[in-house]
1. Could you list which residues have their amide H under 5 Å from that of residue A:95, counting only those 5 or more apart in sequence or on another chain, with H placed in the peptide plane?
2. Hey, can you grab everything whose amide H is under 5 Å from the amide H of residue A:155? Only 5+ residues off in sequence or another chain; H modelled, so Pro and N-termini drop out.
3. In terms of the ratio Rg/(2.2 N^0.38 Å) built on C-alpha atoms, what value belongs to segment A:29-73?
4. What do you get for the angle between helix B:329-351 and the principal long axis of chain B? Use alpha-carbon atoms, 0 to 90 degrees, nearest ten.
5. Please report, for the Cα atoms of segment B:139-230, the Rg to one decimal and the Dmax as a whole number; what are they, in angstrom?
6. Please give the charge dipole size of chain A, origin at the Cα centre, charges +1 on K and R Cβ atoms and -1 on D and E Cβ atoms. Round to the nearest 20 debye.
7. For segment A:237-251, what does the Karplus curve 6.51 cos²θ - 1.76 cosθ + 1.60, with θ = phi - 60°, yield as ³J(HN,Hα) per residue in whole Hz, taken in order and with x for Gly and Pro?
8. According to the square roots a ≥ b ≥ c of the eigenvalues of the Cα gyration tensor, what is the shape class of segment A:320-362, taking rounded for a/c under 1.5, prolate for a/b larger than b/c otherwise, and oblate for the remainder?
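The values are calculated or read from the model by the stated rules, or taken from the named source; none is laboratory data. Worth saying up front: this structure is predicted, and the values here are computed from it rather than measured. Every residue, glycine as well, gets a Cβ built from its backbone with ideal geometry; the counts of neighbours run over all protein chains shown. Please note that ligands, DNA and RNA were not included when accessible areas were found on the heavy atoms of the full protein model with its side chains. Shrake-Rupley method; radii C 1.70, N 1.55, O 1.52, S 1.80 Å.
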2 protein chains.
Amino acid sequence: MKRRDFVKSVGAGILASSAVTAALPQNSFGADKKVRWRMVTSWPPGFPILQTGAEELAKRVGELTQGRFTIQVFAGGELVPPLGVFDAVSQGTVQCGHSASYYWAGKSPAVQWFTSVPFGLNAQGMNAWLYYGGGLKLWEEVYSSFGLVPRPAGNTGVQMGGWFNKEINTLSDFKGLKMRIPGLGGKVVKKAGGTVVLLPAGEIYTSLERGVIDATEWVGPYHDLRMGFQRVAKFYYGPGWHEPGSVLELIINKKAYEALPAEFKAALDAAAAETNVKMLAEFEQKNSKALSLLETDGNIKLKIFPDQVMIGLRKLAKEVLSQEASKDPMAAKVHKSFKEFKTRLNKWSILSEKAYYTTVAG
Amino acid sequence: MKRRDFVKSVGAGILASSAVTAALPQNSFGADKKVRWRMVTSWPPGFPILQTGAEELAKRVGELTQGRFTIQVFAGGELVPPLGVFDAVSQGTVQCGHSASYYWAGKSPAVQWFTSVPFGLNAQGMNAWLYYGGGLKLWEEVYSSFGLVPRPAGNTGVQMGGWFNKEINTLSDFKGLKMRIPGLGGKVVKKAGGTVVLLPAGEIYTSLERGVIDATEWVGPYHDLRMGFQRVAKFYYGPGWHEPGSVLELIINKKAYEALPAEFKAALDAAAAETNVKMLAEFEQKNSKALSLLETDGNIKLKIFPDQVMIGLRKLAKEVLSQEASKDPMAAKVHKSFKEFKTRLNKWSILSEKAYYTTVAG
């Protein structure tokens, strides 16, 4: 590289991050700059789509930077516990993580809206809200106070409503139902009279088999098939009203992010966006294949929750969300933005996506 | 960074691109390599979302490469005509373009499936088919014989069905209807007894106003509002059965692509994927806002095509697609892949996205 070009190209990087670079030793971001990061995730080692997707994201950053910016990925438990991601990244133990913001509801109730809320938006809606409806700006605002920067980096699509050992015909069928369902979905089920049971992944199958629980939600056909639930439950219900489009996050230490030269920031951002669209595509492909297997494999019945059940659950979800929103001003602000965006988008969806699924797709 | 880490991280980058670098003169792609490309598009200068999106894509490539790989963007007509993109890129006049593959149906009928076909997949389905269902591999196969490489780089989402000056209650209401609707959608309308009129964008408004045509499709609420159709048509019908999720393309000269160092290829690919997800998000946001304006602004009626009309149109669309698929073996192969994927995905969508829109979103 010629001396003149060198100065020019470095200049571009410095402009974007001048506040930070001013405080750093000169030349620290030249063409020879090497950055080595570590990423911790909330997923088991080799966990398909989520852990493999996080690894793809890291690989892409390396490819984009000709190996000058590398990210070593650690699955949940390898370096910090699966739910230790937020603290590890916030405290700077590692520079970034791949997880889901709703795990950090204990830090700030507002974060729950950035993954998925009961009767919330699906993947397409979440992307529209986050990228163009002010959602990501709010997320950045919430995370900023913890020294963090968030990026959408994957989506599960509409999840399934769960495995049940009895039919759900009315809302009262939730009364006394022992169901494994964490988070806000669990709060809704509890309001409906259910008993919410929290279990680690490894104990769900046997608990369902032995009748310790009557029902469980997990993810979708692809991951559920791997758990073998089709062998110990009779009814498989859709849709996942409690998680209609869960956003996965790239969670980044803010100081580490701001210290990056502009092109490494761009590499992280572009790789996150690419992972966002491709992970959802992978979910859709694998879920559709797994559903065919489930149908031919087990003695299960695929069901859709009756309208009256959904109307009842939606009413309870509204109450749960209002309660969460009242916990602090930031949660209230995020809830308001989300609700207004969703109301407007729904009107458009009636003519577009809803009409597509009801009159075009079939 | 320690010397040991330096060697490790550079090693990772070199491994990924060894096949390419081995065949090229030494040092031709060193850190000082500058690449300057030109992109031509099919969109008018400044055309929102599409032209601006193509410009964002080019900008992102520059950011990712610290300005070492720049792409100058020319709108339709600035360097070559809007529909001259394919030839200009194929012949190497420019290195890349932003357009839609179905414009090139005259080159190869198979390309139509890579944008959108009547009663085909929506955006989420197209991404799943292209990235994980073999669609992009087929697209690469078709384009390869023209010296081209394709990448999905944007999506319109479900378009609108069009503006009409009379109600559409039965399929026979298309009889004698003079409608501006190009492509395969036009062939379907013709089969339904309509008269298909092709008009340049600038003549649609006055033709509709003067009754030269009875109906026109365009894009969606945001772009349609800018055309002012709400002032000269009574009924605005959804959904856009003829284009339920049109994929925009980054079309690249194959020789130019293959001559790129690995990290510049990665920059193009990642920027295209990022544009793919963000453009759809922008469409959703802007369409939902524009719909509210249209509703309060004009004296128009928002309508959804009746089920019986859609069933009739779907049957005709099936015939049109079979005819297109029979034109050459490659079209038949693409049609088969698309159909099989769609059939499987639909089964999954009934429990997930369709159930979301009918029982969760509202």
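1. Sorted by chain and number, the residues that satisfy this are A:38.
2. Correct list: A:248, A:279, A:280.
3. Rg over 2.2 N^0.38 Å, computed on Cα atoms: 1.27.
4. 70
5. 16.0, 47
6. Here chain A has a charge dipole of around 560 debye.
7. Going residue by residue, I get 9, x, x, x, 4, 7, 9, x, x, 6, 7, 8, 10, 9, 10 Hz, with x marking Gly and Pro.
8. Since a/c reaches 1.5 and a/b is larger than b/c, the shape of segment A:320-362 is classed as prolate.
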